[in-house]
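Heads up, the thing below is written out as structure tokens.
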Amino acid sequence: MSKRHRGKGVKPAMIHINMRLPQYVVDYFKEFPSYTKEMRKVLEEHVNQADKEGATRVALDQQRWQDILAEENYGMEIYDKFGGVLTDPNYWDCECEKNYIHHVSDVEPCAKCNADPDEQPNSRPNEIAKVFDAFERAEHDQIARSDEEENNSE
């Protein structure tokens, strides 16, 4: 039995296309015994390399995002993770279109949409960072700690 080189399940089906190339490119590939085979090889290698680099780039981007979140960890011990989404238990989102992020020290319902903090989701760290700078976040956390200490002393 001879080894199969073509056919269903051996290699992906090929599609014939017409392509316009500069003369110097065609001249380069015509130096090979089978110039179309060599062109195909170069294109396939390029696409395979791009796929590998793309997967690597995605992994690097994910690592960079995790590093950014770690750098943005402004005194919080952990982020909560619900359904794959990182959230910050020190902030909550109301139903408003704008200015919807509130610190947990805001225990009253939102003045605009009347959303109750106990029934609303925690905020995402990347959205918090867009709204509040590091100084404001530290100030919020100080207020929350003061409130906690006051409640614990009662």
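With respect to V26, is the statement that it is modelled with pLDDT of 80 or more and either basic (K, R) or over 35 Å from the mean Cα position of the chain (by Cα) (or both) true?
Numbers: modelled with pLDDT of 80 or more: yes; either basic (K, R) or over 35 Å from the mean Cα position of the chain (by Cα) (or both): yes.
Yes, satisfied.
Could you please give the count of residues in segment 8-29 that are surrounded by 10 or more Cβ atoms within 10 Å (Cβ to Cβ), part of a loop (DSSP other than H, G, I, E, B) and of a type in the set (D, E, K, R)? Even if it seems obvious, please write down each step before you answer.
First, the residues of segment 8-29 that are surrounded by 10 or more Cβ atoms within 10 Å (Cβ to Cβ): 11, 21, 25-29.
If we keep only those that are part of a loop (DSSP other than H, G, I, E, B) as well, we get 11, 21.
Subset that is of a type in the set (D, E, K, R): 11.
The number of residues fulfilling the criteria is 1.
Give the residue, chosen from V42, V107, V85, that is over 30 Å from A129 (Cβ atoms) and at pLDDT 70 or above.
Values: V107 fails: over 30 Å from A129 (Cβ atoms); V85 fails: over 30 Å from A129 (Cβ atoms).
Every option except V42 fails the conditions.
Would you mind stating whether K112 is at pLDDT 80 or above and either of a type outside the set (F, W, Y) or loosely packed, with under 11 Cβ neighbours inside 10 Å (or both)? Lay out the reasoning, then the answer.
On the way: at pLDDT 80 or above: yes; either of a type outside the set (F, W, Y) or loosely packed, with under 11 Cβ neighbours inside 10 Å (or both): yes.
It is true that K112 is at pLDDT 80 or above and either of a type outside the set (F, W, Y) or loosely packed, with under 11 Cβ neighbours inside 10 Å (or both).
The values are calculated or read from the model by the stated rules, or taken from the named source; none is laboratory data. Just so you know, these numbers come straight off a predicted model, no measurement behind them. In this analysis, Cβ positions are derived from the backbone assuming ideal geometry, glycine residues included, and neighbour counts consider all displayed protein chains.
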